[in-house]
Amino acid sequence: MKGTSPRSFNPRVVSVGPLHREDENVQAFEGQEATYLTHLLRRFSSPPEETLKACVKKVKDSIHEIHTCYVGIKTYGDIEFAKMMVMDACFILEFIQRNFKSDESISRRKMFLAQSVIYDLVLLENQIPFFVLDDIFQCTFL
């Protein structure tokens with residue numbers, strides 16, 4: 001679009017979904033996403049491995065529907081794509097859990113990072129389908 005800045009579309013901290021997965025500016029946060037996944041899975045009484053398997057199965061069951069949400073982009077294999085969706089959905093859920101508790105005070109540094117991540121999560125090109133997020137929520141929190 002004429003007159004729009006790449007900043008309007010490109011995430012600065014975290015990549016969600018496949019569109020900006022290869023961008024160098026978000027690579028440093030990939031390890032942090034894995035940490036969030038681990039923390040989310042440890043919150044529940046069932047073994048983390050079982051919860052993760054349930055999440056991956058749920059996503060794999062709708063993988064073709066998920067692919068249709070990303071027509072015209074680099075194709076990922078079904079397994080890699082499913083792992084990406086699970087990682088991203090778990091990251092979002094844990095991020096919300098950590099940052100929006102009303103009883104917790106937030107440091108300036110943590111608030112700055114949270115604001116940057118929120119900015120990235122609302123970018124149109126940096127999202128996952130809501131039904132994926134809902135499926136992962138069903139596998140983890142309920």
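Details
- Qualifying residue in the range 64-75 (condition: closer than 17 Å to residue 130 by Cβ, of a type in the set (S, T, N, Q) and exposed (fewer than 15 other Cβ atoms within 10 Å of the Cβ)): yes
- In the range 90-142, the residues that are at pLDDT below 85 and among the polar types (S, T, N, Q): 99, 102, 105, 107, 126
- Looking at 90, 55, 139, just one residue is touching a Lys or Arg at 6+ places or on another chain (Cβ under 7 Å) and either of a type in the set (S, T, N, Q) or in a helix (DSSP H, G or I) (or both), and that residue is 139.
- Test result for residue 74, over 13 Å from residue 126 (Cβ atoms), assigned to a helix (DSSP H, G or I) and of a type in the set (Lys, Arg): no
- Some residue of the range 42-50 being within 15 Å of the chain's Cα centre (by Cα) and surrounded by fewer than 19 Cβ atoms within 10 Å (Cβ to Cβ): no
The values are calculated or read from the model by the stated rules, or taken from the named source; none is laboratory data. Because the structure is a prediction, the values reported are computed rather than measured. Quick reminder, even Gly has a Cβ in these numbers, built from the backbone with ideal geometry, and neighbours come from all protein chains shown.
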